[in-house]
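What follows is calculated from the coordinates using simple rules that are stated; it is not laboratory data. Quick caveat: nothing in here was measured; it's all calculated off a predicted structure. Heads up, the Cβs are rebuilt from the backbone with ideal geometry, glycines too, and the neighbour counts pull from every protein chain shown.
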Amino acid sequence: MPRPKQFRTIATPPAMKGFKPFGIPRTELESVMLTYDEYETIRLLDYEGLMQEQAAERMNVSRPTLTRIYEKARRAIAKAFVEGKMIVIEGGNVDFGRAWFRCRKCHKLVDGVENHVPCKNCVSFGDEELTPIK
């Protein structure tokens, strides 16, 4: 029996829930899943330009594990681009370090329930408007 996967440390959840191609209704699209840890490897290596050793340390994984996660993320993104599929970002064995929530009306990220300020655009009030990010 394989040993359980360790939680990968993620600084913050992505601001968006995914991406979709222009001009095709969402109901007609197939999707490709990108996990939070796959998203984080793309963010750290490609967006922030970190070396793999630095990124692995931030995510609390070994460098070979980071490389495997990164390759899987690149394949998923390439498949979505080439085949015109929607990318959905969710799931994975991750630890955000604290509780993150998303407003159900405007989809804004909130760092903890105590930091929820009623949204100006959607006029949401109360914690019932927040969905936990897992």
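Per-structure values
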| read-out | value |
| --- | --- |
| Packing-based ranking, highest mean first, of 75-81, 19-25 given that Cβ atoms within 10 Å are counted | 75-81, 19-25 |
| Phi-based couplings in Hz for segment 13-18 (Karplus 6.51, -1.76, 1.60; Gly and Pro marked x) | x, x, 5, 10, 8, x |
| Rule-of-thumb Rg ratio for segment 30-94 [Cα; 2.2 N^0.38 Å; N residues] | 1.09 |
| Distant-in-sequence amide H partners of Thr9 (H built 1.01 Å from N, under 5 Å) | Asn60, Asp95 |
| FRET efficiency estimate (nearest 0.05) - Cβ-Cβ, Met51 to Glu83, R0 25 angstrom | 0.20 |
| Neighbourhood charge, 12 Å Cβ-Cβ cut-off, centred on Arg26 and excluding it, Lys, Arg +1 and Asp, Glu -1 | +1 |
| Nitroxide proxy distance, nm - points 7 Å out along Cα→Cβ at Arg68 and Glu90 | 2.5 |
| Qualifying GluC sites (Glu not before Pro) in segment 1-93, DSSP loop, other Cβ atoms within 10 Å at most 15 | Glu30, Glu48, Glu90 |
